[in-house]
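The values are calculated or read from the model by the stated rules, or taken from the named source; none is laboratory data. Since this is a predicted model, take the numbers as computed values, not measurements. Positions of Cβ are generated from backbone atoms using ideal geometry, with glycine treated the same way; all protein chains shown enter the neighbour counts.
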């Protein structure tokens, strides 16, 4: 009897329920994808560095005598401890050298 009095309300409730189901399905799909990527990263060989952004294997490149790692997909570049300072020492006149070795403000 209630449905005869309020057919629009029933349709709205069904629509809300469908939207809610779709929201949770999309959310669950994203969580499953994230877990899949984490599993792939965990199964990768331990010595192989991976891009923190997209999980792709990093490629070693030589830059001014320093070996850096670069992602072939997103072109992100990562440096190990001390490598940035080494490059900055050789580039005293560049912005990087000035960042590390320029005048210090107190």
task: For the stretch 60-70, name all the residues that are in contact with a strand residue (DSSP E or B) (Cβ under 9 Å, 6 or more places away or on another chain) and either exposed (fewer than 12 other Cβ atoms within 10 Å of the Cβ) or farther than 29 Å from residue 34 by Cα (or both).
output: 60, 61, 62, 63, 67
- request: Answer with yes or no whether residue 73 is surrounded by 10 or more Cβ atoms within 10 Å (Cβ to Cβ), farther than 29 Å from residue 89 by Cβ, assigned by TED's automatic domain parsing to the domain that holds residue 88 and without any contact (Cβ under 8 Å) to a residue 24 or more places away in the chain.
  value: yes
message: Is it the case, given these coordinates, that residue 98 is at pLDDT below 85 and surrounded by 14 or more Cβ atoms within 10 Å (Cβ to Cβ)?
response: no
Residue under evaluation residue 46, criteria (1) at pLDDT 85 or above; (2) more than 30 Å from residue 96 (Cα to Cα); (3) in a loop (DSSP other than H, G, I, E, B), criterion not met: (1)
